[in-house]
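Undergrad: Have a look at this one.
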Amino acid sequence: MKIIVEQLGKRFNQEWIFKDFSYSFQLNQSYAIIGVNGSGKSTLLQVIAGIQPPSAGKLVYQATNQKNIEADQIFRYLSLAAPYLELIEEFTLWEHINFHRRFKKLPTTLSNEALITLLRLEKARNKFIKNFSSGMKQRLKLGLAFYSTAPVLLLDEPTSNLDSENMAWYKKEVLQNRKDRLIIVSSNQPEEYDFCEHTIHLK
């Protein structure tokens, strides 16, 4: 899996958030996108994920067989965890995992019960998501992204709402789930991306 970015730009009205960005993201590599607030880190990640359309330039998603992936199919290859990602609050945790499995593959060997244990949410299996704390919601977002079988993992401010204990959980989980993946982290917190081999500084 490879993501090739050529002269990419994004603007809202007449204001450019970033422009002329070119890069090649490779499988089995981890990338940190850093920069001051307002530099376009999250926006760039959203454009890569297909959430926002680019205003200039292009993205090429290339499978391991060198064939290009159609833009409307890229969601099959991506997993995203971000503060703005919505959970279905009317579901219980168990229902939410079942719903997630319908459109994003999890390993067939990973049962709901095993995933809930990995998320450290055993006491909340039948609890409605709307009654979760912000930290519990963030662990759920991260866990569903980590354990989806998609080869591209996108993380935007991944430790938002996590205390020190759960920040350690994040680091352990991301390191255990990095094999055969392309990981991009948008962050200003070094502890969120210090495992990354490459750093991209947006100015």
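Undergrad: With a cut-off of at least 1 residues that are of a type in the set (Ser, Thr, Tyr) and more than 22 Å from TYR84 (Cβ to Cβ), name the helices (runs of 4 or more DSSP H) lying wholly within the stretch 109-197.
TA: 112-118, 164-176
Undergrad: Tell me, please, whether a residue that is modelled with pLDDT of 90 or more, among the β-branched types (Val, Ile, Thr) and outside any strand (DSSP E or B) can be found in the stretch 60-71. Give the derivation first.
TA: Step one: filter the stretch 60-71 for residues modelled with pLDDT of 90 or more, giving 60-62, 68-69.
Applying the additional criterion that residues be among the β-branched types (Val, Ile, Thr) yields 60, 69.
Narrowing the set further to residues that are outside any strand (DSSP E or B) leaves none.
Scanning the stretch 60-71 turns up no residue that is modelled with pLDDT of 90 or more, among the β-branched types (Val, Ile, Thr) and outside any strand (DSSP E or B).
Undergrad: Quick one: which residue in PHE146, PHE91, PHE128, PHE132 is in contact with a strand residue (DSSP E or B) (Cβ under 6 Å, 6 or more places away or on another chain), at pLDDT 95 or above and of a type outside the set (Ser, Thr, Tyr)? Don't jump to the end; show me each part of the working.
TA: Numbers: PHE146 fails: in contact with a strand residue (DSSP E or B) (Cβ under 6 Å, 6 or more places away or on another chain); PHE91 fails: in contact with a strand residue (DSSP E or B) (Cβ under 6 Å, 6 or more places away or on another chain); PHE132 fails: in contact with a strand residue (DSSP E or B) (Cβ under 6 Å, 6 or more places away or on another chain).
Answer to the selection: PHE128.
Undergrad: Write out, first by first residue and then by second, each pair whose Cβ atoms fall under 8 Å of each other, whose residues are 6+ apart or on separate chains, and whose first residue, in the stretch 66-80, is among the aromatic types (Phe, Trp, Tyr) while the second is part of a strand (DSSP E or B).
TA: TYR77/TYR61; TYR77/ILE69; TYR77/VAL152
Undergrad: Can you tell me which of TYR84, TYR61 is surrounded by fewer than 19 Cβ atoms within 10 Å (Cβ to Cβ), out of contact with any His (no Cβ under 7 Å at 6 or more places or on another chain) and of a type in the set (Phe, Trp, Tyr)? Walk me through how you get there before you give the answer.
TA: Numbers: TYR61 fails: surrounded by fewer than 19 Cβ atoms within 10 Å (Cβ to Cβ).
When all the criteria are applied, what remains is TYR84.
Undergrad: Yes or no: the stretch 101-124 includes at least one residue that is closer than 28 Å to VAL36 by Cβ and of a type outside the set (D, E, K, R).
TA: So far as the stretch 101-124 goes, no, none of its residues is closer than 28 Å to VAL36 by Cβ and of a type outside the set (D, E, K, R).
Undergrad: Moving to a separate point now. Taking the stretch 1-18 only, how many residues are closer than 18 Å to ILE184 by Cα and acidic (Asp, Glu)?
TA: Matching residues across the stretch 1-18 total 1.
Undergrad: Looking at (1) over 25 Å from ARG139 (Cβ atoms); (2) at pLDDT 95 or above; (3) crowded, with 18+ Cβ neighbours inside 10 Å, which is the only condition ILE97 fails?
TA: Among (1) over 25 Å from ARG139 (Cβ atoms); (2) at pLDDT 95 or above; (3) crowded, with 18+ Cβ neighbours inside 10 Å, ILE97 violates only (1).
Undergrad: In this structure, does GLU113 turn out to be at pLDDT below 95 and acidic (Asp, Glu)?
TA: Working: at pLDDT below 95: no; acidic (Asp, Glu): yes.
Spelling it out, it is not the case that GLU113 is at pLDDT below 95 and acidic (Asp, Glu).
Undergrad: If we scan the stretch 57-65, do we find a residue that is closer than 30 Å to ARG125 by Cα and small (Gly, Ala, Ser)? Before the answer, list the steps.
TA: The first filter runs over the stretch 57-65 and keeps only residues closer than 30 Å to ARG125 by Cα, leaving none.
The answer is no, given that none of the residues of the stretch 57-65 is closer than 30 Å to ARG125 by Cα and small (Gly, Ala, Ser).
Undergrad: Another question, if that's okay. Does the stretch 119-140 hold any residues that are under 26 Å from ALA168 (Cβ atoms) and over 18 Å from the mean Cα position of the chain (by Cα), and which are they?
TA: Step one: filter the stretch 119-140 for residues under 26 Å from ALA168 (Cβ atoms), giving 119-125, 127, 129, 131-140.
Within the stretch 119-140, ARG120, LEU121, GLU122, LYS123, ALA124, ARG125, LYS127, ILE129, ASN131, PHE132, SER133 qualify.
The values are calculated or read from the model by the stated rules, or taken from the named source; none is laboratory data. What you are looking at is a predicted structure, and each value in this text was computed from that prediction instead of being measured. Please note: Cβ atoms are built from the backbone with ideal geometry, for glycine as well, and neighbour counts cover all protein chains shown.
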